[in-house]
Amino acid sequence: MALVTHDDLLVCTDCVQLIANAEGTTDLAERVARRWPDAHLVLAGDLDTEAEFSHRTCDGCGDTLAGDRFPAAGLETTCALFKRLDRAFGTDTRSPLHHDNRCTACRR
Ligand SMILES: [Zn+2]
Ligand SMILES: [Zn+2]
């Protein structure tokens, strides 16, 4: 089980798509990666009932636009996750999203 490192986060609808389905632009994925270099975001609630309109900055990508926010949490990251994301987004080593630039386990 991955360790929960961050609790009580709120993320925007773009981040929900990214977190739930690995769908979205590479730009968005990279913005999230820069804000969360050592955590993996997961959705932490029921999307149908826990959406909440908010002016709060998105904890995932940093979007300041008001809109629906959904509960999320940050987990300790793993190698396998980074590699899965690299496959999903086709990122190379120049990207901050790429495994080689994020994985502290392999860098040790
Ligand atoms: Zn967001
Ligand atoms: Zn690794």
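Read-outs: derived from the displayed coordinates by stated rules, not from any lab. Every value quoted in this text rests on a predicted model; they were computed, and no experiment measured them. Please note: Cβ atoms are built from the backbone with ideal geometry, for glycine as well, and neighbour counts cover all protein chains shown.
Just to confirm my understanding: which cysteines in the chain have no other cysteine beta carbon less than 4.7 Å from their beta carbon?
For the chain, the answer is Cys15, Cys61, Cys79, because their Cβ atoms have no other cysteine Cβ under 4.7 Å.
For Thr93 and His6, what is the calculated FRET efficiency with R₀ set at 22 Å and r taken between the beta-carbons, to the nearest 0.05?
Rounded to the nearest 0.05, the efficiency is 0.25.
Compare the Cα positions of Ala33, Leu18, Val4 along the charge dipole of the chain (+1 at Cβ of Lys, Arg; -1 at Cβ of Asp, Glu; about the Cα centre) and return the one farthest towards the positive end.
So the residue we want is Ala33.
Please rank Ser95, Ser54, fewest neighbouring Cβ atoms within 10 Å first, as an exposure proxy.
Ranking Ser95, Ser54 by Cβ neighbours within 10 Å, fewest first, gives Ser54, Ser95.
Whole-Hz ³J(HN,Hα) for each residue in the range 96-105, computed from phi via Karplus 6.51 cos²θ - 1.76 cosθ + 1.60 with θ = phi - 60°, x for glycine and proline: what do you get?
x, 7, 5, 3, 4, 9, 10, 7, 6, 4
Give me the mean projected area, in nm² to one decimal, of the convex hull enclosing the Cα positions of the chain.
6.6
Going 7 Å from the Cα of Arg84 toward and past its Cβ, which residues in the range 11-30 have a backbone nitrogen under 14 Å from where you end up?
Only 18-23 fall inside the zone, counting backbone N under 14 Å.
Kindly state, to the nearest 0.05, the FRET efficiency for Ala22 paired with Asp68, given R0 = 22 Å and r defined as their beta-carbon distance.
Values: r = 20 Å, r/R0 = 0.90.
For R0 = 22 Å, the calculated efficiency reads 0.65.
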